[in-house]
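The values are calculated or read from the model by the stated rules, or taken from the named source; none is laboratory data. Computed from a prediction, not measured in an experiment: that's the story for all the values here. Quick reminder, even Gly has a Cβ in these numbers, built from the backbone with ideal geometry, and neighbours come from all protein chains shown. These accessible areas exclude ligands, DNA and RNA; they are computed on the full protein's heavy atoms, side chains included. Shrake-Rupley method; radii C 1.70, N 1.55, O 1.52, S 1.80 Å.
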Amino acid sequence: MTITTPISPAVQRAAEVLHEIHNAIERDSGVKATLKRTLTGEPRHQRAAYPIILRYLSDQRAQYQLEQWLWVTGFLAYYPQDINPKSKLTFGDSARQLKTEDGSKGPERRFRSLLETSLEDLRSPLTAMVRLMRSSKKKVVISYPQLLVDLNRWEHPDQYIQDKWARAFWNAPTPPDNAPATDSSDLVDA
């Protein structure tokens, strides 16, 4: 008997929108360059990406989650990945792939710091981790839909996303489903 875990509606919708964006930018190096520049955090580069991204986002998503969408689409342009909503990988799982590659303490040190960073300051260390992943000798898989959903829940007072990432990174057993119940409807409608 196979037990399947249902796909979160938030992850499914994020995957659908990211897939649309990926298809639109796949063969346009100018658009990819614009999205990559958003990773600098400079407002002028972010504004340049608005026409590319905003057409895919609902008003609610654009108002409350635009910055995270800019980050993740910038990562998608910089380090393309398959958009798989069924992937259960967290960013902690992806970072663990770096940790096991060369035995260096650098990825672990960066990851520890990342977990303690507020959403407001997260762009730079997250970008540094993605750059490390891209430069890795083996392909490090990142689930961008899951990353997007996790970033939108980063500021939760229980810090359950940070805990989930840490457990994945250090390969700790997952406790019974104790993550706070969240209404993902704000992430689903686009």
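Table for the structure above
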item: Approximate spin-label separation W170-K86, in nm, with each point projected 7 Å along Cα-to-Cβ; result: 3.3
item: MRE, 222 nm, helices only [DSSP H, n ≥ 4, -39500 (n - 2.57), over the chain, to nearest 500]; result: -18500 deg cm²/dmol
item: Nitroxide proxy distance, nm - points 7 Å out along Cα→Cβ at K105 and A48; result: 3.9
item: GNM result for the chain, Cα springs below 10 Å: residue of L119, L18, L89 fluctuating most strongly; result: L119
item: The chain - percent of accessible surface contributed by carbon and sulfur, probe 1.4 Å; result: 48
item: Among G30, G92, G74: highest mean-square fluctuation, GNM of the chain, C-alpha pairs under 10 Å; result: G30
item: Cβ-derived FRET efficiency at R0 35 Å, R27 paired with H156, nearest 0.05; result: 0.40
item: Rounded to whole Hz, the Karplus (6.51, -1.76, 1.60) HN-Hα couplings of region 161-167, x for glycine and proline; result: 5, 4, 5, 4, 5, 4, 4
item: By accessible area with a 1.4 Å probe, ligands and nucleic acids excluded, highest first: order of D158, D93; result: D158, D93
item: Label-reachable residues, region 65-108, where backbone N falls under 16 Å from a point 7 Å from E120's Cα toward its Cβ; result: 67-68
item: For region 108-140 and region 37-72, distance of Cα centres in Å; result: 20
item: Cα→Cβ-extended label distance, 7 Å offset, between L66 and E16, nm; result: 2.3
item: Candidates W69, W170, W154: whichever shows maximal mean-square fluctuation once the chain is modelled as a Gaussian network with Cα springs under 10 Å; result: W170
